[in-house]
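Written out below as structure tokens is the structure these notes cover.
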Amino acid sequence: MPTCRRKRVLLTEPSEELLQAAKHDPNRHVFLLEQTGEIFETYEQYAARMSFYKVKQFQCEVTGKSGLDYFQALESEQHEARELHQRFPEPLKYMVLRSVQWQVMGRLDNLVEAIYARYKDRFFQGERILIDLKGDKYSAKIVKVYPPKIALRSISPAPEWDSSLESDLDSEDESKESSYRWVDPEMPHLLGGDMSISLQDSCYRDDPTKYIYKVQIVEEDPSSEASGSQPSEEAKQKWSGSLMDVQCGVMSCLNQSSRDRMVFSKSLLRRFLRDCVDRESSLAAPWTVKPSIARRFGIANEMPADIKADVEKARQGEIDKRKRVWEEKELQAEREGRLTKKMQKKQEQERKAAVKAAEAEVKAREAEAKAVAVARAKADKVAAEQAAKEEAERIALEKAKQKKKPVRYPTEDLDVRIGDREKKAGMKLQRPLPHRNIDSLPFSDEKGAFESFLATWNFLMCYGQPLHLSTFTLDEYEHALKHNTIDPPCGLIAEVHSVLIYLLRTVPFHRGSAANSLWEEWKQEMDVDGEDDEISNQDLLDALQDVGNNWERVPLKHSEGRIGWEEALVGCLKDHGTIRNFPRMRAIFTHLLYDDEQPGPAARSTSPFGSSPLSSPTARSPRSSVSPADRYHTLHPSDKLAILQFMCDLAVSSKAIHAHMEHCEEQLTSLRKEKIELNRTKKHYAEDMEAIIESTKEKESPEAPTAPTPANEMSDVDSESALPSEDVSEAGSSAGRRASSSSRQLTLRLKAQQTQAIAKQRERNRQLQAEQKQALNEHKRLGEEISKIERRLEVIEREFRKLLGTVRVKPMGRDRFYNRIWWFDGCGSQSLMGSGGVPQYGTGRLFIQGPSEFDQEIIDRRDEGDVEARRVEEEGEAGVMHVGEWAVYSEEEQIDEFLAWLNPKGVREFALKNSLIKWWEAITSGVRKRETDLSWTAKLPEARRSMRGKSSGSDISREPYMLWTNRKAIN
């Protein structure tokens, strides 16, 4: 921004009157100054501003050139800014601006010195540097930055790096990245660029000399030609285009690495900061990046709370410092016997205050005597008014007690009581009893197992698209987890674990985290009790070293039946799991890697949901190591659920899941817009149909005009043409003939008019019928359009449920006692309708979960003491749901009775009943379809038993969960 007399020139804003006038008169003539975009109402204002800009009194803020007019100074600033941003290293811009943001420094020079000291020895990917190689200077480009393995020296000292002159990019990159990647290589030097810590502390904690830079020599330094030290042809051929690893400080065979002074120096940095940052004129104001530049580089413009507190603290410190300096000056003046301006002002204020106090004291005495008399009169009056007010309140309270206000429904559910009218109308008084047995709620015999069962199935169904996994029902998932035979293998379990393993390959992990965790835990146990396990941790660690080491590169092909997924699973758990985040890790590894003489549930020492992390089995005979593929099917289902729950929790943080959730959010937004537009169109069509009906009624209401009858007109003609008797006697016979002839002509003319009128009436009737037919066709067309819109709205509702169930799963509502009702069908990759309109289901049931702890506190705080009695009466003694308990309705009759039990007079049950009615057809269709499938499955083994095979037992390969195939799998 050009300056004039060291002040920035601000552009003129349009006046408020001009803005208001533009709303009423858009065609009003104004004067526009194109170079700046300013708008003026009169030519005099425009000419005065242009004359001000033409005076050569402006200065370029970047270069400091003076004696320019405004446009020359603006052009100079823009030219210098373009040249500056082209020369300044692009990788440094974001880091420098990020470090400058919210820094409190008095002068720009101090800020430049601090930034230069931070980044003079720190380099970034994509920068061009100069290296001195045996006396010859070459220009090189940084290809990659390897941060030190441990950047914080307070944890442990950083390892020494034995670098070489050249390295093979293909063979050594991966090993170096795994050894030196501690922070994100795309954002190195984050700690070193933090201005909140001192320079010495940043160098100690994030030493720039420990960074490894892979550089590629581009060409020799052009400046070396001028100095005469040109490299030989042999040196050029040796080093040109080669890759090498260098360090900022000490390097083998390398003496120096630095930036060119033409692209990074203090003067260039000062110009860059002057162009990109700004500061308010207030005391201790921080340096801030200009909003447009901050948006471009993705730097936050909103000051964080902690930084704001530091800025306020610095501002208060500066104020206190100035205050202390002023107080010292005042104290020095008192010692010397001088009166400062502040002391003189203070004495004058004290004198005036004393005069005012004396005057106020006199007035106060006069007012006090007057106030005493007035107060007595007011007290008597207030006492009378208070007595009258209390009497009125008493009367009003009695009237209020006699006449209760009518209750407005819906209201709080616990305040709704079932009256005699509802009882006589046949309203259901007790909720149908839901199922709680182990057959209806799988794995509910162990705490937390059923929740993990539902959570893992819902995750796999919601994110079936990014996982490349086809849908399967909850019953198929249950039977697959209970599958305990090695031949035939269960393809559903193999597919589920394989797709999760593929997804977890993209999630960052620490190699050998499980082994380290087991080792640390074992040392703690040895210090306390000593080791008494049948299988020592050392043996378990030795067995783990040989299993699943290359799990992130093993191809688990769908066409080959996902062979090897069990070992890949062990490798995945080795690198992702620890004792802290996976308590059952040691017991599961022991079961998968060692043979057990007592397989099955009896061999499990404790429950996986709530056991100690290192619970060891009882002492038995020594075990022999086996392959995980031979042992996985013998795992207890709750251990399988623990593994799947752990993998699903890790998969949530993957980029594929996050990208899918963002895609679902975008689709939800587009569906909301489409729904609004369709409802608007539907309303418009309905209004058009009503208008057509009204117009048709208006056209049919008036009666059609009738044509004149010949008899009437003949009578009129006869009366008009009748002659007096005396004229007839005089006219004679010739006149009589003429009269009869004219009468016949008149009759013929009247008949012709009548025929013409009848034809016109018929034509009008035909037009009216044609218009009615056209209106009927238009009404029919609009009705078909509305039907199409309603069908599309139904599809949108189903798609909305699928997408919303992917982003967040919510219950359908809560009943009067805060029990939550869940229906999981139609979410994520599931669909409520198959091809041809066939209903589909995922669970085919309605689940009920007891109130949460917060809701239970609300119930306990109720003033009425009969809430628990009401629960026993209205839910049944066996149907009361406690916190965290689950139950299920799996029959259509039960769901019908539950819907009839809901009372719409309560706010929660009103919303719940509307939600159930909205999806009633889909819910009941799924329940009926599941009952049909279960009955068909129950008859299947008996109906399809082969007479040529074994006579006992049924073929497990014909079970629905064994017939499931993953149609979305990719090899």
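The values are calculated or read from the model by the stated rules, or taken from the named source; none is laboratory data. Worth saying up front: this structure is predicted, and the values here are computed from it rather than measured. In this analysis, Cβ positions are derived from the backbone assuming ideal geometry, glycine residues included, and neighbour counts consider all displayed protein chains.
Here Asn110 passes the criteria (1) outside the structural domain of Lys210 (by TED's automatic domain parsing); (2) outside any helix (DSSP H, G or I); (3) free of Cβ contacts under 8 Å to residues at least 60 places away in the same chain except the one numbered (2).
Being farther than 30 Å from Lys93 by Cα, surrounded by 11 or more Cβ atoms within 10 Å (Cβ to Cβ) and free of Cβ contacts under 8 Å to residues at least 24 places away in the same chain is the filter here; which residues of region 294-320 pass it? Of everything in region 294-320, just one residue is farther than 30 Å from Lys93 by Cα, surrounded by 11 or more Cβ atoms within 10 Å (Cβ to Cβ) and free of Cβ contacts under 8 Å to residues at least 24 places away in the same chain, namely Gln316. Among residues of region 742-771 that are more than 26 Å from Lys699 (Cα to Cα) and not assigned by TED's automatic domain parsing to the domain that holds Ser695, none has a beta-carbon under 7 Å from a residue that is exposed (fewer than 13 other Cβ atoms within 10 Å of the Cβ) and not β-branched (Val, Ile, Thr) at least six positions away or on a different chain.
Condition check ((1) of a type in the set (D, E, K, R); (2) part of a helix (DSSP H, G or I); (3) modelled with pLDDT of 80 or more; (4) touching a strand residue (DSSP E or B) at 6+ places or on another chain (Cβ under 8 Å)) across all residues:
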| residue | (1), (2), (3), (4) |
| --- | --- |
| Arg270 | yes, yes, yes, no |
| Ser281 | no, no, no, no |
| Arg296 | yes, yes, yes, no |
| Glu302 | yes, no, yes, no |
| Glu312 | yes, yes, yes, no |
| Gln316 | no, yes, yes, no |
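A single entry from Val325, Val372 fulfils the requirement of being assigned to a helix (DSSP H, G or I) and closer than 30 Å to Val104 by Cα: Val325.
Close Cβ contacts (under 7 Å, 6 or more residues apart or on different chains) running from residues in region 618-638 that are more than 15 Å from Ile563 (Cα to Cα) and assigned by TED's automatic domain parsing to the domain that holds Ile493 to residues that are modelled with pLDDT of 65 or more and surrounded by fewer than 18 Cβ atoms within 10 Å (Cβ to Cβ) comprise Arg623/Asp595; Ser624/Asp595; Val626/Asp595; Thr634/Asn484; Pro637/Lys482; Ser638/Glu446. Within region 583-594, being under 15 Å from Gly548 (Cβ atoms) and under 37 Å from the mean Cα position of the chain (by Cα) holds for Met585, Ile588. Taking region 437-454 as the range and being surrounded by fewer than 17 Cβ atoms within 10 Å (Cβ to Cβ) and not acidic (Asp, Glu) as the test, the residues that pass are Asn437, Ile438, Ser440, Lys447.
Could you identify the single residue in Glu875, Glu868 that is in contact with a Lys or Arg (Cβ under 9 Å, 6 or more places away or on another chain) and not assigned by TED's automatic domain parsing to the domain that holds Leu793? Steps first, please.
Working: Glu868 fails: in contact with a Lys or Arg (Cβ under 9 Å, 6 or more places away or on another chain).
Selected residue: Glu875, the only one of Glu875, Glu868 that is in contact with a Lys or Arg (Cβ under 9 Å, 6 or more places away or on another chain) and not assigned by TED's automatic domain parsing to the domain that holds Leu793.
When the residues of region 802-822 are filtered to those that are touching a residue at least 40 places away in the same chain (Cβ under 8 Å) and closer than 19 Å to Cys664 by Cβ, the one that is surrounded by the most Cβ atoms within 10 Å (Cβ to Cβ) is Thr806.
Checking each residue in region 772-801 for being touching a helix residue (DSSP H, G or I) at 6+ places or on another chain (Cβ under 7 Å) and either outside the structural domain of Met689 (by TED's automatic domain parsing) or over 30 Å from Glu921 (Cβ atoms) (or both) picks out Gln772, Ala775, Glu778.
For Glu857, state whether it is surrounded by fewer than 19 Cβ atoms within 10 Å (Cβ to Cβ), more than 38 Å from the chain's Cα centre (by Cα) and not hydrophobic (A, V, I, L, M, F, W, C).
Working: surrounded by fewer than 19 Cβ atoms within 10 Å (Cβ to Cβ): yes; more than 38 Å from the chain's Cα centre (by Cα): no; not hydrophobic (A, V, I, L, M, F, W, C): yes.
No: the conditions fail for Glu857.
Out of Thr709, Thr669, Thr755, Thr696, I need the residue that is surrounded by 13 or more Cβ atoms within 10 Å (Cβ to Cβ), among the polar types (S, T, N, Q) and at pLDDT below 95. Which one?
Numbers: Thr709 fails: surrounded by 13 or more Cβ atoms within 10 Å (Cβ to Cβ); Thr669 fails: surrounded by 13 or more Cβ atoms within 10 Å (Cβ to Cβ); Thr755 fails: surrounded by 13 or more Cβ atoms within 10 Å (Cβ to Cβ).
So the residue among Thr709, Thr669, Thr755, Thr696 that is surrounded by 13 or more Cβ atoms within 10 Å (Cβ to Cβ), among the polar types (S, T, N, Q) and at pLDDT below 95 is Thr696.
Return a yes/no flag: does region 402-420 have any residue that is more than 30 Å from Glu909 (Cα to Cα) and either modelled with pLDDT of 85 or more or surrounded by fewer than 17 Cβ atoms within 10 Å (Cβ to Cβ) (or both). Scanning region 402-420 turns up at least one residue that is more than 30 Å from Glu909 (Cα to Cα) and either modelled with pLDDT of 85 or more or surrounded by fewer than 17 Cβ atoms within 10 Å (Cβ to Cβ) (or both). Every condition in (1) of a type outside the set (Asp, Glu); (2) more than 30 Å from Asp260 (Cβ to Cβ); (3) in contact with a strand residue (DSSP E or B) (Cβ under 6 Å, 6 or more places away or on another chain) is met by Gln103 except one, and the failing one is (2).
Can you pull out the residues in region 283-294 that are outside any helix (DSSP H, G or I) and under 19 Å from Glu61 (Cβ atoms)? Can you show your working first?
Applying the first criterion (outside any helix (DSSP H, G or I)) to region 283-294 yields 283-290.
Scanning region 283-294 gives Ala285, Trp287, Thr288, Val289, Lys290.
Determine if region 67-82 includes at least one residue that is touching a Leu at 6+ places or on another chain (Cβ under 6 Å), modelled with pLDDT of 85 or more and more than 28 Å from Ser282 (Cβ to Cβ). Looking for residues that are touching a Leu at 6+ places or on another chain (Cβ under 6 Å), modelled with pLDDT of 85 or more and more than 28 Å from Ser282 (Cβ to Cβ), one finds none in region 67-82, hence no.
Yes/no per residue for (1) touching a Leu at 6+ places or on another chain (Cβ under 6 Å); (2) part of a helix (DSSP H, G or I); (3) free of Cβ contacts under 8 Å to residues at least 60 places away in the same chain:
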residue	(1), (2), (3)
Trp551	no, no, yes
Val554	no, no, yes
His558	no, no, no
Ile563	no, no, yes
Leu569	no, yes, no
Phe582	no, no, no
Ala587	no, yes, yes
Leu592	no, yes, yes
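Taking Ile115 as the residue in question, decide whether it is in a helix (DSSP H, G or I), hydrophobic (A, V, I, L, M, F, W, C), out of contact with any Asp or Glu (no Cβ under 6 Å at 6 or more places or on another chain) and in contact (Cβ under 8 Å) with a residue 12 or more places away in the chain. Yes: the conditions hold for Ile115. Of all the criteria given as (1) under 13 Å from Lys640 (Cα atoms); (2) part of a loop (DSSP other than H, G, I, E, B), the one not satisfied by Phe453 is (2). Answer yes or no: is there a residue in region 429-438 that is in a helix (DSSP H, G or I) and modelled with pLDDT under 90. No: zero hits.
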